[in-house]
Amino acid sequence: MIWPSLVPGDGAAWFGAIQIGVALGFLGLFALVYLVFSRVFPTLPLPDRS
């Protein structure tokens, strides 16, 4: 997040392997938390309209 200030001439540093790995890690953790939350707190069943 501070890479542009450390290396001013490197404009493509925001799309590197480390940045993609961090983004995939956050997405994976979000999916894990979502799955655990949906197991612990299941949605309430809605009554049928018939």
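The values are calculated or read from the model by the stated rules, or taken from the named source; none is laboratory data. Because the structure is predicted, anything quoted here is derived from the model rather than measured. Please note: Cβ atoms are built from the backbone with ideal geometry, for glycine as well, and neighbour counts cover all protein chains shown. Ligands, DNA and RNA are stripped out before the accessible areas are found, and what is left, the full protein with its side chains, is counted by its heavy atoms. Shrake-Rupley method; radii C 1.70, N 1.55, O 1.52, S 1.80 Å.
Going by what's in this entry, would Gly11 be described as part of a helix (DSSP H, G or I), modelled with pLDDT under 90 and open to solvent by less than 100 Å² (accessible area, probe 1.4 Å)?
Details: part of a helix (DSSP H, G or I): no; modelled with pLDDT under 90: yes; open to solvent by less than 100 Å² (accessible area, probe 1.4 Å): yes.
No, not satisfied.
For region 32-45, the criterion of being modelled with pLDDT under 90 and surrounded by 10 or more Cβ atoms within 10 Å (Cβ to Cβ) is met by at least one residue.
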